[in-house]
Every structure is written in structure tokens, then in C-alpha cells.
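Just below is one structure, and these are the notes that go with it.
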Amino acid sequence: MNKSVVIASLLTVVLASACTTQDAYTGEQKSSNATKGAVVGAIAGAAVGAATAGKKDRDKSILTGAAAGAAVGGGVGYYMDKQEEKLRARLQGTGVQVKRDGNKLTLIMPGNITFDTGKSRIKSSFIPVLNSVADVLKEFKKTIIKVDGHTDSVGDAQYNQELSESRAAAVADYLISRQVARGRVHTAGFGERYPIASNATAAGREQNRRVELSLEPSE
């Protein structure tokens, strides 16, 4: 292994070990998403530095590229870490699930707590929950928000499609009414096309009737 590879390897090890956090729910130590992002950024930056430098400046370019990549990757990861932390704290016990996939956050809002059967008017009991979501979204302005509506397979497919669109629009409109910038919010309805459980059971259909908010970095 040459000197350049050793430098890059040592840098990623340092980054990986520097930032661990304790999972609030399991108590386990784990690498934060900021750290994971920094490591990925460092590796990518080092690769770019190695590919673009001449022989004389190769080591220096790898270090420079790795450092720049780590700063970018870690910054986005840290930003999403803090947003996730606040959402989990505000939504604990509400029935809304918070899922994380890389730098994407998804809030899954079951239909039984958000809307009455066959309706697209938000339940008054769910308004405080949406207010909590809006408060966090206003604080973390560097995310794009996609609101997707989904239904079960009971009834006419066209009706389900329209209902999913109306429910997504209702949630989006409410967030906008709470001063979440309109330009950040996008909506789509998918009807019964993307179930997450079996439509053969009542429990499965209940899971499929949902609105999902996907939050991704805008930068």
C-alpha cells in the first residue's frame, strides 16, 4: 500500500472513531450520520484529489480533497441528525413514525389518526401533531418536503387516487398555512399503488392508508 492510500485510510479511521452518539432508545453507542457522511465525503474527496493531482502533489491533493469532502458530508449529516432528533422528541407517542435512510427522513402518518374514513379534512385531534412538525420544518429550512398520499385497495381505484391526492394536498396546505415556505413543499398521490402491508387484512389496510412526508437536504 503506498503512502497516499495510507494517509487516506488513516483519515477515514480518525473520522469514523471521532464522533459516536448514544441512541436515545436503545442506549447503544453508534456512529452518527454526520460521521458516516464525513467518512463518505472524505473517501470521495480523496479519490478526486488522487485522480486530478500530478505525481509531486498527489499526497497533498488527497489530504485536501479528503478534508473538503469530510466537511461537506459531515455538515449535511449533522444537519439531518439534529432535525431527526427534534422530530423524534416532538412526535414521540403521537403514532407518527420517523424513519431515516442516509440523509433522508420520512414521517409516516397513519390515516386512522390523520383523517376520517373517506375524508380529506384533517382531524382536529391531529392538528397539534402537525403544528409540531411545522415548527421543526420552519427551524430547519434547508430541506425539501415531499408529501405523498397513499390508500388501501378497497373501493374504486380512481376514487382512491383522488383521495390520496386530496389528503396529500390537505397536509401540505396546512404546513404552508403554518409558515412553511410554499416553494419547499411538493405533493403527490399514489392511490393504492404502493402498499407497505397486505391489503388482505384490516391491520394491513390500516397501515396502507397513510400520508408520508419525505425530508431531504436541499443543498
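Please treat every number below as a calculation from the coordinates, not as lab data. The model shown is predicted, which means the values in this text are computed figures rather than measured ones. No Cβ is skipped: glycine too gets one built from the backbone with ideal geometry, and neighbour counts run over all protein chains shown.
See the values below:
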{"read-out": "By average C-beta atoms within 10 angstrom, highest first, the peptides 198-207, 114-123, 184-193", "value": "184-193, 114-123, 198-207"}
{"read-out": "Förster radius 30 Å - calculated FRET efficiency between V154 and D101 (Cβ-Cβ, nearest 0.05)", "value": "0.55"}
{"read-out": "Lys, Arg +1 and Asp, Glu -1 on Cβ, resulting dipole of region 93-217 about Cα centre, debye, nearest 20", "value": "420"}
{"read-out": "Alpha-carbon gyration tensor eigenvalues x 5, square-rooted, for region 93-217, Å", "value": "23, 15, 14"}
